[in-house]
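The values are calculated or read from the model by the stated rules, or taken from the named source; none is laboratory data. Keep in mind that this is a model prediction, so the values were computed, not measured. Note that each Cβ is placed from the backbone with ideal geometry, even for glycine, and that neighbours are counted across all protein chains shown. For accessibility, only protein heavy atoms count, side chains too; no ligands or nucleic acids. Shrake-Rupley method; radii C 1.70, N 1.55, O 1.52, S 1.80 Å.
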Amino acid sequence: MDLADRIPALLARARALLDLGTGPSHRLAAGEIAKAARAVETLHRGLIGQRELATAATWRDRAHLGAYLLWWWPQTYAKVRSALRLAPCLPRPARILDVGAGPAPAALSILDVLGGEAVAIDASEAALSEARALAGSASLRTMRSEAASARSAGGEFEIVVLANVLSEIPEARRDALLDALPVRSSGSVLVVEPALRETGRALLAFRDRALERGWYATGPCLTQRPCPALASPRDWCTASAEWEPPEHLRQLADATGLRADEGLSYAPLVLARSPPAVEPGLWRVVGIAPPEKGKKRLWVCSDEGRIPLVRLDRHASPGNARFDDLRRGDLVRVEGAESRPDGLRIGPSSRVAPL
Ligand SMILES: C[S@@+](CC[C@H](N)C(=O)[O-])C[C@H]1O[C@@H](n2cnc3c(N)ncnc32)[C@H](O)[C@@H]1O
């Protein structure tokens, strides 16, 4: 099961919530686009700036819920699928807990790849009712509950996912929420936040506090030191998800001018109770510098810090050609690079091997 397989049910539910009528199963009919686009624009305005619609009460409005299914649900599904590659080892099948699940794109994304069973927790019954309607044959149970009561979901879980919910929890309550999650001693907590500077940096501060309390950062981090990105107010850490946007999303992007039909960005964090195996010589790509004349620069991070990885155009060679393919979030082995004042310099004989 993949995102494309979930689109017919997603469109059917969005049509019912937005009173759009009937249309084809994988795209919007021409007569549906304007109304759907207006609903997406209204919710988008409420989710940026003051973020007054970033609350559980938003789901009481059927149009907001319908808009979410059309525009944000597929994006969360793809981001969570991409973020899974940052987790060190994944059980199949898995017991998954989705906290602040909304209509459960995160739980269904993980279930579709790992199989198993999931519990979706949210303060909003309206959102959970959509989760059940969208689950199809996937084993998804829902529980209307405060995130802080996640322990009553029953037993322990191998993957606990919090997608786009941490920033809705008051900062003073986030650490206690993490520590109370029912995660197995060998399990992982996967956090995905919007790639904005504010939410991204808040996630890194949350990471550092978690490490002080005995958690380990197993992805995207390759270090258990305080996050080096927090040293400069301009830095934070994001990953990119390559995706093939569903056709209705391209239609809505054209109609609204909003962009999500290209690459997706998100701020990821994977935490665990046990330390990760550390392999020397590996770096995580955490940023791509804008194009520069005569050279290309990425930002990479490991236990050695967050530094630029630089290759002059004239030093491109078959051994380092994969440097051009690297995307934010990738893990890469770099051999034979030289430490220079402007960063780690890749020469013609260096080897660059994405994992
Ligand atoms: C932005 S939505 C994210 C939904 C989904 N995880 C996703 O990424 O698409 C945030 C969700 O968290 C829920 N939520 C916010 N605070 C909560 C809390 N304290 N307890 C339970 N759910 C909460 C809201 O009802 C909403 O469904």
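Can Val183 be described as assigned by TED's automatic domain parsing to the domain that holds Ala210 and touching a strand residue (DSSP E or B) at 6+ places or on another chain (Cβ under 6 Å)? Yes, satisfied. At least 1 residues being free of Cβ contacts under 8 Å to residues at least 60 places away in the same chain, small (Gly, Ala, Ser) and open to solvent by 40 Å² or more (accessible area, probe 1.4 Å) is the threshold, and among the strands (runs of 3 or more DSSP E) wholly inside region 256-355 those reaching it are 338-340. Checking each residue in region 133-161 for being among the polar types (S, T, N, Q) and in contact with a helix residue (DSSP H, G or I) (Cβ under 8 Å, 6 or more places away or on another chain) picks out Ser139, Thr142, Ser145.
When region 13-33 is filtered for residues that are assigned to a helix (DSSP H, G or I) and either open to solvent by less than 60 Å² (accessible area, probe 1.4 Å) or acidic (Asp, Glu) (or both), the ones remaining, listed by number, are Ala14, Arg15, Ala16, Leu17, Leu18, Glu32, Ile33. Among the residues here, Gly49 qualifies as within 16 Å of the ligand (Cβ to nearest atom) and either in contact with an Asp or Glu (Cβ under 9 Å, 6 or more places away or on another chain) or part of a loop (DSSP other than H, G, I, E, B) (or both). Within region 152-167, identify whether any single residue is in the same structural domain as Ala123 (by TED's automatic domain parsing), more than 21 Å from the chain's Cα centre (by Cα) and either of a type in the set (Phe, Trp, Tyr) or within 26 Å of Arg234 (Cα to Cα) (or both), and answer yes or no. The answer is no, given that none of the residues of region 152-167 is in the same structural domain as Ala123 (by TED's automatic domain parsing), more than 21 Å from the chain's Cα centre (by Cα) and either of a type in the set (Phe, Trp, Tyr) or within 26 Å of Arg234 (Cα to Cα) (or both). Checking each residue in region 249-269 for being of a type in the set (D, E, K, R) and over 19 Å from the mean Cα position of the chain (by Cα) picks out Arg250, Asp254. Close Cβ contacts (under 7 Å, 6 or more residues apart or on different chains) running from residues in region 93-110 that are over 15 Å from Arg132 (Cβ atoms) to residues that are open to solvent by 10 Å² or more (accessible area, probe 1.4 Å) and at pLDDT below 95 comprise Gly100/Glu168.
Here region 179-189 is the region considered, the condition is being away from the ligand (no atom under 13 Å from the Cβ) and not polar (S, T, N, Q), and the residue that is surrounded by the fewest Cβ atoms within 10 Å (Cβ to Cβ) is Asp179.
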